[in-house]
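Contents: one structure, followed by commentary.
The values are calculated or read from the model by the stated rules, or taken from the named source; none is laboratory data. Note that the structure is a prediction, hence the values are computed from the model and not measured. Cβ atoms come from the backbone with ideal geometry, glycine included; neighbour counts cover every protein chain shown. For the accessible areas, the whole protein counts, side chains as well, though only heavy atoms, and no ligand, DNA or RNA atoms are used. Shrake-Rupley method; radii C 1.70, N 1.55, O 1.52, S 1.80 Å.
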Amino acid sequence: MRGVTSDAPATAGSPTREPAVAVRPALSARGVTLRYGSNPPALSDVTLDVAPGEALAVIGPNGAGKSTFILGLLGLTQLADGELRVLDRTPAAARVSVGYVPQTAGLDPEFPVTLDQVVMMGRYRTLGWRWPGRRDRAAVHAALERVGLSEQHRTRFGRLSGGQQQRGLLARALVSSPRLLVLDEPFNGLDQTSRDTLLDIVRELKADGVAFVISTHDLDLARAVCDSVLLVNGVQVAAGPRDDVLTLDNLERVFAGHQVEVDEHTVVVPPHDGHA
Amino acid sequence: MTAIDWLFSPFALPFMQRPLLVMLVLAVALGLASVMVTLRSLQFVGDGLVHAVFPGIVIGFAVGGREGLVPGGLVAAAIAAVAFTLLTRRALASDSAIAVVLTVMFGIGVIIVSRQSDYVGQLQELLFGRLLTVTDADVTLTVAVAAAATVAIAVVWRTQLFRAHDPLAARAAGHRVLATDLVLAVAVAVLIVAATAAVGNLLALGLLVVPGAAARLLTHRIGWMVAISIAMGALAGFGGLLIGFRASVDWGIPLAGGASVITMLVVIYGVVLAASMLHRHGPRTAHTTADARGASTAPAPVPEAAR
């Protein structure tokens, strides 16, 4: 069911719809400023809400604070100012119910683990001291089925294609039944089939009430599955319903003069006053 | 004499049983540790620990004689393990930091040893161990230390495996990565001390690094890696002691037990390496990935998409 935020004040930047039923937002940020250690803030002044079943796209050039925001949701960057609530808890306390899907690029393709071992890692927190039991294996199986990789469960993770690895990491996040999924550039370098599969899965999970935060360069993706958009460039440039935020004017403010990597292509956005 | 006799009769002698037991116990504990050291790519940290533990062993030896060796080493091991774990967390120049620390520590150790009487004999014993003259007390201590370290590594195994594959995701899932890093480092350092007493400081590194690396060449399954790693250490211990005995007793060539164990380990590794290279470059074609990565679809450039 689509959730709707109601108790949060409808600030200028928040992707709130008509208040109807009181549902706690999956994610609530008020003037959030994040930094690494004692460095100056990497991202400032983010204010938004994401309701259960909604997806937020985080868009901005490289170094604009997309990763900072994502790590902030996971409690891995320092909250310098403002209030950040994830599933009505502090980010660190919410980790059990948050699934994180990183980019596959950083993973060693030779690492000796099978796909089902990787997915089982998503259950290590709940396993504790136990040896994985029938329920754990069933959960792994269900997660792999959901992402369409049941057949490959015994395959070494590094031998899967880029798209299959991405779906495998999604299964690892799904296996602990998260209520918020955080995806970091999920479509980088994916073929069309894997893109479509991933988009279908996101739509299904949204219908089940799972909220999403997806960092991306890919505006098509934002259009396809995201309800709201956070546009960043070191600070929040705009946040709100997708079509209100993704205006040419806003995008040029953020990307002007920047190189934008879209999959394997690099696009240079002309400066604001240049003849585009 | 039958082949069976030739292989096993030396181990009927009590002075051969103790070193064999020590080697088998170390094979299990270091075999497990070696797999995780390989998966985490901590070989250089292991090297740093081996050298950093040395002055502790020397000081313990200087103060309390042979009984002081392990306590002194354990203190140094704990300090070095914590220091290296914290140093490597600051990603910048961690290798140089380790290199500087290990060189300085090793130098301090050698200086202290050189102040002792019978400098050469003691240095040799500390560097190359005295496997064939281990006492019952040595055996008891080794078993206790190895058991404790094995339990500690088993406790942090899952988190370390997750972290080795995907460190950021492990932290994001709420695993206590730093805490388990410290446990692993201290366990490895303590095992190095135990191994130093048996095969010496320099050769302890071989037992820590080689079995896991060889197992990695032979299999892509974690469970098999652990089994192969342990079996390899055990085989090197058995074979090394046997060859050392036969060389000294039958052939009149005095061989140090620790040295023959490590030589055996390196020989096994060489065979494994050759076998895996033949397997990879032999008649069978090289492994290819299931399908091509990163087929490109080209979304519209940003300004277009906005229109």
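When residues of the range A:190-210 are filtered for being in contact with a strand residue (DSSP E or B) (Cβ under 7 Å, 6 or more places away or on another chain) and either in the same structural domain as A:Q165 (by the TED database) or of a type in the set (D, E) (or both), how many remain?
Matching residues across the range A:190-210 total 0.
Just checking, which of B:V145, B:V139, B:V134, B:V151 is within 27 Å of B:T196 (Cα to Cα), out of contact with any Asp or Glu (no Cβ under 6 Å at 6 or more places or on another chain) and within 14 Å of chain A (Cβ to nearest Cβ)?
Step by step, each of B:V145, B:V139, B:V134, B:V151 is checked, and only B:V151 is within 27 Å of B:T196 (Cα to Cα), out of contact with any Asp or Glu (no Cβ under 6 Å at 6 or more places or on another chain) and within 14 Å of chain A (Cβ to nearest Cβ).
Would you be able to tell me the number of residues in the range B:171-192 that are under 15 Å from the mean Cα position of the chain (by Cα) and small (G, A, S)? Give the derivation first.
Keep residues of the range B:171-192 that are under 15 Å from the mean Cα position of the chain (by Cα), which gives B:184-192.
Those left that are additionally small (G, A, S): B:185, B:187, B:189.
Within the range B:171-192, residues that are under 15 Å from the mean Cα position of the chain (by Cα) and small (G, A, S) number 3.
Assuming B:G239 fulfils every condition listed in (1) closer than 28 Å to B:L69 by Cα; (2) more than 14 Å from the chain's Cα centre (by Cα); (3) open to solvent by 30 Å² or more (accessible area, probe 1.4 Å); (4) not hydroxyl-bearing (S, T, Y) apart from one, which condition is it?
(3)
Among the residues of the range A:104-146, what is the count of those that are more than 9 Å from chain B (Cβ to nearest Cβ), open to solvent by 70 Å² or more (accessible area, probe 1.4 Å) and not small (G, A, S)?
So the count comes out to 9.
Between a first residue in the range B:172-199 that is more than 14 Å from chain A (Cβ to nearest Cβ) and touching a residue at least 40 places away in the same chain (Cβ under 8 Å) and a second residue that is crowded, with 24+ Cβ neighbours inside 10 Å and aromatic (F, W, Y), which pairs have beta carbons less than 7 Å apart while being 6 or more apart in sequence or on different chains?
B:A185/B:F84
Could you check how many residues of the range A:77-102 are open to solvent by 30 Å² or more (accessible area, probe 1.4 Å) and within 25 Å of A:V118 (Cβ to Cβ)?
Residues flagged as open to solvent by 30 Å² or more (accessible area, probe 1.4 Å) and within 25 Å of A:V118 (Cβ to Cβ) within the range A:77-102 amount to 3.
Within the range B:131-170, how many residues are surrounded by 21 or more Cβ atoms within 10 Å (Cβ to Cβ) and more than 22 Å from the chain's Cα centre (by Cα)?
3
Taking the range A:60-100 only, how many residues are charged (D, E, K, R), within 13 Å of chain B (Cβ to nearest Cβ) and more than 26 Å from A:L221 (Cα to Cα)?
Residues flagged as charged (D, E, K, R), within 13 Å of chain B (Cβ to nearest Cβ) and more than 26 Å from A:L221 (Cα to Cα) within the range A:60-100 amount to 1.
Do you know which residues across the range B:247-256 are open to solvent by 10 Å² or more (accessible area, probe 1.4 Å) and either on the phi < 0 side of the Ramachandran plot or modelled with pLDDT of 85 or more (or both)?
Result: B:S248, B:V249, B:D250, B:W251, B:I253, B:P254, B:L255, B:A256.
Within the range A:1-39, take every residue that is modelled with pLDDT of 85 or more and closer than 18 Å to A:A64 by Cα and give me the one that is nearest to the chain's Cα centre (by Cα).
As a first pass, look at the range A:1-39 and keep what is modelled with pLDDT of 85 or more: A:25-36.
Among the residues that remain, those that are also closer than 18 Å to A:A64 by Cα are: A:29, A:31-36.
Working: A:A29: 15, A:G31: 20, A:V32: 17, A:T33: 18, A:L34: 17, A:R35: 19, A:Y36: 20 Å.
By that ranking, first place goes to A:A29.
Away from chain B (no Cβ under 14 Å), touching an Asp or Glu at 6+ places or on another chain (Cβ under 9 Å) and open to solvent by 50 Å² or more (accessible area, probe 1.4 Å): does that describe A:H153? Before the answer, list the steps.
Values: away from chain B (no Cβ under 14 Å): no; touching an Asp or Glu at 6+ places or on another chain (Cβ under 9 Å): yes; open to solvent by 50 Å² or more (accessible area, probe 1.4 Å): yes.
Spelling it out, it is not the case that A:H153 is away from chain B (no Cβ under 14 Å), touching an Asp or Glu at 6+ places or on another chain (Cβ under 9 Å) and open to solvent by 50 Å² or more (accessible area, probe 1.4 Å).
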